[in-house]
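For reference, the structure discussed in these notes is given below.
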Amino acid sequence: MDLKNSGTSPVLTDPAPISNSRLGLSSNIQTYSPASQAYSSGLYSTVPRRKTIIGKLDDVCANGWLDAMKSSSPPRKQLNKDFISEAAVSETEMEYRTWMMTYPSALTSFEHIISSAKCKKIALFLDYDGTLSPIVDNPDLAIMSNAMRAAVKSASKYFPTAIISGRSREKVYKFVKLRELYYAGSHGMDIMGPVRRSDSNGDQANCIVTTDEQGKEVHLFQPASEFLPMIDEVFSSLIDITKDIVGAKVEYNKFCVSVHYRLVHQEDWPEVARRVFDLIKGYPRLKVTHGRKVLEIRPVVNWNKGKAVKFLLESLCLSSCDDVLSIYIGDDRTDEDAFKVLKEYNLGYGILVSSVPKETSAVYSLRDTSEVVFGTHTSGIKLTLLHSYCTHL
């Protein structure tokens, strides 16, 4: 199926009505003017704690946000027998194995993937946090291993490879440091990709032609550029209103802002949610979503990681499902949009990285980043051999 006319242009959508009954928050937090460039590092260091003042939180809980915050990142497995009994570990493992009957390991299912890839072009898409690097308490320390970098570099020699992350594009590149890849930051709202062959697509209005560090001509695609001043303003405001909550970190990701609460005491999570929602009430063109121990403020625009995948496939002239196999590996809720696109258009396979059972639109699974390293390295070798064989038939 050709994706040229599949509606990849971003369109503003009407946000759900924002009301006190929906958010349950009193408007007692003021909007602040943009801060200076002192926060250009992206993460605000916390200050000594003062007593948290809990506001009206009943509706925050009633609307499911507190439950979503608790479930967004399951507790890490603690195999020390002083903390979890052997029986409990066995039960958890049994639940996971049962789940894998529906979402089998991509490693053990590799022969089927190989069979599907026969005589097809292959494209590889990767999330960053939780996929190429482990989830860590401090987002600044989410460093990928040398083995992972080598595996991704090896695969990119033979297949178009892109990283699609909620982080800013510049920040992901600093982590990965591979020029061979394509990068999409801010959940696909900031894409550096190949120059497109066709000028007929409406996305061209949001594209500018530029050059990368190697002097190669590329397209810079930013469908939400008009939101930049608003995002800057919200970023500085969030820094100010969360600075007294110990462990809260606000990260600037250019087209979105992330409020990390992984290091916040759980009893203060409702206060984090209250302050975020109370601020965003004044910005009806922004919305709040959640990931793994993070609340993300994003533009209300019809664009996500799934749309980014379609855009990149079109740019790479790989938008036909007849001769293309796309593989997307990710671990978070935002990756589900990409999994759904691959399934809906029969473009390939989504692979979920998770050590616990989850509802997902992926087809296969990997347990953790160590399996991603092995899988990326092994698949790169085997798929390269298959590609070489097919091109010489």
Quiz item: Where does region 98-200 land on Rg/Rh, using Cα atoms and the Kirkwood Rh?
Solution: 1.01
Practice problem: Ignoring everything but the protein chains, give the 1.4 Å probe accessible area of ARG149 in square angstrom, nearest 10. | Solution: 50
Quiz item: Taking only the alpha-carbon positions of region 223-347 and ignoring solvent, what does the Debye formula give for the base-10 log of I(q)/I(0) at q = 0.13 Å⁻¹?
Solution: -0.62
Quiz item: Probe 1.4 Å, all protein chains in place: accessible area of LYS174 in Å², nearest 10?
Solution: 150
Quiz item: In region 140-264, how does Rg compare with the Kirkwood Rh, expressed as the Rg/Rh ratio over alpha carbon atoms?
Solution: 1.03
Exercise. Collect residues whose amide H, placed 1.01 Å from N in the peptide plane, falls under 5 Å from the amide H of ILE135; neighbours closer than 5 in sequence don't count.
Key: GLY130
Quiz item: To the nearest 10 square angstrom, how much accessible area does SER115 have with a 1.4 angstrom probe?
Solution: 80
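Looking at the calculated P(r) for region 295-370, what percent of the C-alpha pair distances fall above 14 Å? Kindly include the intermediate steps, with their values, before the conclusion.
Numbers: 1732 of 2850 pairs.
Percentage above 14 Å: 61.
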Quiz item: Using the beta-carbon distance between LYS118 and GLU180 and R0 = 25 Å, what value does 1/(1 + (r/R0)^6) give for FRET efficiency, to the nearest 0.05?
Solution: 0.50
Quiz item: Taking the simple approach of a point 7 Å from Cα along Cα-to-Cβ for both THR289 and ARG97, what is their distance in nm?
Solution: 3.5
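The values are calculated or read from the model by the stated rules, or taken from the named source; none is laboratory data. In this text, all values refer to a predicted model and were calculated from it rather than measured experimentally. Virtual Cβ from ideal backbone geometry, glycine too; neighbours counted across all protein chains shown. In case anyone asks, the SASA skips ligands and DNA or RNA and just uses the protein heavy atoms, side chains included. Shrake-Rupley method; radii C 1.70, N 1.55, O 1.52, S 1.80 Å.
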